[in-house]
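Trainee: Take a look at this one; I'll ask things after.
Each value in this text was obtained by applying a stated rule to the coordinates, not by laboratory testing. What you see is a predicted model, and the numbers here were worked out from it, not measured in a lab. Here the Cβ positions follow ideal geometry from the backbone for every residue, glycine too, while neighbour counts run over all protein chains shown.
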Amino acid sequence: MWIVNGRLIDPRNRIDGEHDLLVDDGRIAAVAPRGEGDREGQRIDASGKWVVPGLIDMHCHLREPGHEYKESILTGTRSAAAGGFTSVACMANTDPVNDSPAITEFILGKARREGVVNVFPIGAATRGLAGESLAEIGQMKEAGIVGVSDDGNPIMDSGVARRVFEYAKMFHLVVISHCEDRNLVGRGVMNEGLVSTRLGLTGVPTQAEEIMVARDILLAEMTGVRLHIAHISTAGSIRMLRDARDRGVDVTAEATPHHLTLTEEAVTGYRPDAKMAPPLRSEADVRALREAVADGTVEVIATDHAPHSPVEKEVEFDEAPNGIIGLETALPLVLKLVREGALGLERALHALTAAPALILRLDKGHLAEGADADITIIDPDLEFEFDPTRFYSKSRNTPFGGWKLRGRAVRTIVGGRTVFDLELGGIL
């Protein structure tokens, strides 16, 4: 299969130009000058489009097992494919929690049978995400996890966190940290500041994140573990991240499209779809976050896709659960930032492909000869409107409904097989 006439962009291999791509037996067989693709074989005409490594989301919630009414491996991976993602790493807050090899094997088996993209489980750091005793980290590594995290449940006990870091280092696993001091959060439901005061909502100070970022950086420096800060959101956290990197601490971070796009003002009107943890921050925090992604301080853009049913989400703001869906909105929102000049195109694509692959130690996120043929074809000029009722996700909790944007994935190829084709009606 030849993919011809497109603009091939592969940030990891520093390729950006007019190349044809040959796929054979599920792998990249050749990257050739334009015109080579006129030889025999199936041809996909990518004229006017970008051909990029398959997007990788290293932070999503597929909800299965236990919460299939919100999302399932089937619907979540279909949503991923529609958004241009060929690989996703799913968090452990399922029911039962993915804190044992049996649950890891269940997720991987289900993904093989029903999933349409690659699924890489993240194992729990502690049993039941309770933050008290270690999960079966070594056995889960053998079963197939690619990292550990108690995402959604910060490990408040520093002694337990230290042991998690030490064990993860033994098994060469990255620790993905949800940095939030629950004691400072208290009953807070949005960012603390003038907007929360105006709305009469209890605020969450930025220090609730920053204190835990500081602690985990110090523990990472102490133990030598590879640390990854999930959904970083404040200017103070970014300052500490830069300082730690300057000292040689092995720490990386991710930002979400919604924290790069929205401010705390989105909560005006008491919209539950604008409620998340960490909360949407101030304009100054958003500026700092954009600058950090643009200069590579924050390496990854991840969705934190967190589906909830309308019964749960469409309630009073104080009572609504945190989180929004993001697999089908992420790429267009990132391209909006590129178009506005907040991010460079190569940097944005690197954050969606090569960077998460390198952190999770996956041989993906690039298009070198011999690599898996995970490919996303993007139409940068396609104009459309976000319509959550047409999303492949089971859930509809997004603040972006009705937004008019330009640029989206039109074809998603996993292991050489097309799983999503917009022109042919979507998921195949």
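Trainee: For the range 270-284 and the range 400-423, what is the centre-to-centre distance using only Cα atoms, to the nearest Å?
Mentor: Here the answer is 27 Å between Cα centres.
Trainee: Give me the dipole magnitude in Debye, nearest 20, for the chain about the Cα centre, with unit charges on the beta carbon: positive for Lys and Arg, negative for Asp and Glu.
Mentor: Approximately 80 debye in magnitude.
Trainee: So if a site counts as exposed when it's one of the GluC sites (Glu not before Pro), its DSSP state isn't H, G, I, E or B, and it has at most 13 other Cβ atoms within 10 Å, what's the longest stretch of the chain without one? Write down the numbers at each step before the final one.
Mentor: Working: sites that count: E40, E132, E314, E316, E340, E369.
Result, exposed sites excluded: 133-313.
Trainee: Here's something else I'd like to know. Could you tell me which trypsin sites (Lys or Arg not before Pro) in the range 9-102 are loop residues by DSSP with no more than 12 other beta carbons within 10 angstrom of their beta carbon?
Mentor: Details: sites: R12, R14, R27, R34, R39, R43, K49, R63, K70, R78; in loops: R14, R34, R39, K49, R63, K70.
The qualifying sites are R14, R39.
Trainee: Taking a ≥ b ≥ c as the square roots of the eigenvalues of the Cα gyration tensor of the range 145-292, is the shape rounded (a/c under 1.5), prolate (a/b larger than b/c) or oblate?
Mentor: Here the range 145-292 falls in the prolate category.
Trainee: From zero outward in steps of 20 Å, how is the percent of C-alpha pairs of the chain spread across the bins?
Mentor: Taking every Cα pair in the chain, the percentages come to 28, 60, 12, 0.
Trainee: So which lysines pass the test for K364, namely a Cα distance under 24 Å, with those fewer than 8 places away in the same chain ruled out?
Mentor: The reachable lysines, counting only those whose Cα sits under 24 Å from K364, are K49, K110, K141, K169.
Trainee: Taking 1 over the mean of 1/r across every pair of different Cα atoms in the range 337-397, what Kirkwood radius in Å do you get?
Mentor: So the Kirkwood estimate lands at 14.4 Å.
Trainee: Filter the chymotrypsin sites (Phe, Trp or Tyr not before Pro) in the range 130-195 to those in DSSP coil with at most 15 other Cβ atoms within 10 Å of their Cβ, and list the result.
Mentor: Passing both the DSSP loop test and the Cβ count: F171.
Trainee: Sticking with this structure for a sec: Can you list residues whose amide H is under 5 Å from V410's amide H, if they're 5+ apart or on another chain and H is modeled 1.01 Å from N?
Mentor: I377, I378, D379
Trainee: Rounded to the nearest Å, what's the spacing between the alpha carbon centres of the range 302-329 and the range 368-393? Just the number, please.
Mentor: Using only Cα atoms, the two centres lie 22 Å from each other.
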